[in-house]
Amino acid sequence: MPTRSSEPLPASFYARPVLEVAPELLGCTVQHGATAGVIVETEAYHEQEPACHAHVGLTPRTRVLFGAPGTAYVYRSYGIHALLNAVCEDEGVGAAVLIRALRPIAGFEQMRERRAAGGARTLRDRDLCSGPGRLTQALGVQMTENGTSLVDGPVLVLPREAPTEQVVVSERIGITKAAELPWRFSVAGEENVSRPWPWRSPRSGTRRTRAGETT
DNA sequence: CATGGGATTGACT
DNA sequence: GTCAATCCCATGC
């Protein structure tokens, strides 16, 4: 039972350009019940670019995306995984930050149980939340949390305790539209990040680092 | 109402 | 490297 060391981030934190919020969420904590982890990877999405679900306009599915900043947008991906986003910018604007990876800090055993129940075979600490579908599984975040408040819970986002880390920028992962936008943010040297496939290497030799610059 | 496409993961060749 | 699993919903007839 982790003691909440501080109050959740206020809605005003999210009511800003999504490209500001996405890197600033790095280092913040996502907490759900007894499980929690520090955000180490995010991606920004905005209605004005086609990779964002809100790009198609207001529909039953995207309603939450156009809602109040600080709301959780949870959607099902590939029919299997629930992906967690934080709705940003003003109400009426469709924008959100996808939480792609966490460094687990509390509730390790419960995370392991949930991940094992979900079929995971590797249960090292760094496999628990190193991917957008993995972290929701580990934290027990489901579609039922779609539309709930990240300020009032049940899923909470708490401010970071340590100041600025080294932010690494790169292209978003797993999308086909607007894939060139450098809207993915992670922490330099962080091990608990998602790696759906090796980061682009033209021909031979596996590149370890692929990134733009820091801020 | 039928169809098709994912902001993924894990297993396998 | 390839591939299947499986659900929500946008789109089109």
Q) Which condition number does A:Thr29 fail, the rest of (1) crowded, with 19+ Cβ neighbours inside 10 Å; (2) touching a helix residue (DSSP H, G or I) at 6+ places or on another chain (Cβ under 8 Å); (3) not aromatic (Phe, Trp, Tyr) being met? A) (2)
Q: Give region A:97-130 a look and list any residue that's within 16 Å of DNA strand C (Cβ to nearest atom) and assigned to a loop (DSSP other than H, G, I, E, B), or say none.
A: A:Gly118, A:Gly119, A:Ala120, A:Arg121, A:Thr122
Q. Are any residues in region A:78-96 under 12 Å from A:Pro17 (Cα atoms) and either within 16 Å of DNA strand C (Cβ to nearest atom) or in contact (Cβ under 8 Å) with a residue 60 or more places away in the chain (or both), and if so, which ones?
A. A:Val87, A:Cys88, A:Glu89, A:Asp90, A:Gly94, A:Ala95, A:Ala96
Q: Out of A:Glu145, A:Glu213, report the one residue that is more than 13 Å from the chain's Cα centre (by Cα), farther than 16 Å from A:Thr42 by Cβ and at pLDDT 90 or above.
A: A:Glu145
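Give me a count of the residues in region A:148-164 that are in a loop (DSSP other than H, G, I, E, B) and either within 17 Å of the chain's Cα centre (by Cα) or farther than 20 Å from A:Glu190 by Cα (or both). Full working, then the answer.
We begin by selecting, within region A:148-164, every residue in a loop (DSSP other than H, G, I, E, B); these are A:148, A:150-152, A:154, A:159-164.
Going one step further and asking which of them are either within 17 Å of the chain's Cα centre (by Cα) or farther than 20 Å from A:Glu190 by Cα (or both), we end up with A:148, A:150-152, A:154, A:159-160.
Total satisfying the criteria: 7.
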Q: With respect to A:Glu43, determine if the residue is of a type in the set (Asp, Glu), at pLDDT 95 or above and surrounded by fewer than 20 Cβ atoms within 10 Å (Cβ to Cβ).
A: no
Q.
Residues that are more than 11 Å from DNA strand B (Cβ to nearest atom) and crowded, with 24+ Cβ neighbours inside 10 Å: does region A:52-70 have at least one?
A. yes
Q. Residues in region A:27-60 that are among the small types (Gly, Ala, Ser) and closer than 13 Å to A:Ala101 by Cβ: how many?
A. 2
Q) So which residues in region A:125-136 are of a type outside the set (Ser, Thr, Tyr) and surrounded by 24 or more Cβ atoms within 10 Å (Cβ to Cβ), if there are any at all? A) A:Leu128, A:Cys129, A:Pro132, A:Leu135
Q.
Any residue at all in region A:27-35 that's within 16 Å of DNA strand B (Cβ to nearest atom) and not in a strand (DSSP E or B)?
A. no
Q: Only residues in region A:130-145 that are within 16 Å of A:Tyr78 (Cβ to Cβ) count as the first member; pair them with residues that are outside any helix (DSSP H, G or I) and away from DNA strand C (no atom under 13 Å from the Cβ), Cβ under 6 angstrom, at least 6 apart or cross-chain, and list the lot.
A: A:Gly131/A:Ser194; A:Pro132/A:Arg100; A:Leu135/A:Leu102; A:Leu135/A:Cys129; A:Thr136/A:Leu84
(Q) One residue is enough: does region A:36-47 have a residue meeting the conditions more than 16 Å from A:Leu135 (Cβ to Cβ) and part of a loop (DSSP other than H, G, I, E, B)? (A) yes
Q: Pairs only if they're at least six apart or on different chains, beta carbon under 6 angstrom, first in region A:39-64 and on the phi < 0 side of the Ramachandran plot, second of a type in the set (Phe, Trp, Tyr); list them, first residue then second.
A: A:Thr42/A:Phe185; A:Glu43/A:Trp183; A:Ala44/A:Trp183; A:Cys52/A:Tyr45; A:Leu58/A:Phe66; A:Val64/A:Tyr73
Q.
Given the criterion more than 9 Å from DNA strand B (Cβ to nearest atom), modelled with pLDDT under 95 and not polar (S, T, N, Q), identify the matching residue among A:Ala106, A:Ala117, A:Ala82.
A. A:Ala117
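The values are calculated or read from the model by the stated rules, or taken from the named source; none is laboratory data. What you see is a predicted model; the values in this text were computed from it and never measured. All Cβ positions, even for glycine, are placed from backbone atoms using ideal geometry, and neighbour counts span all protein chains on display.
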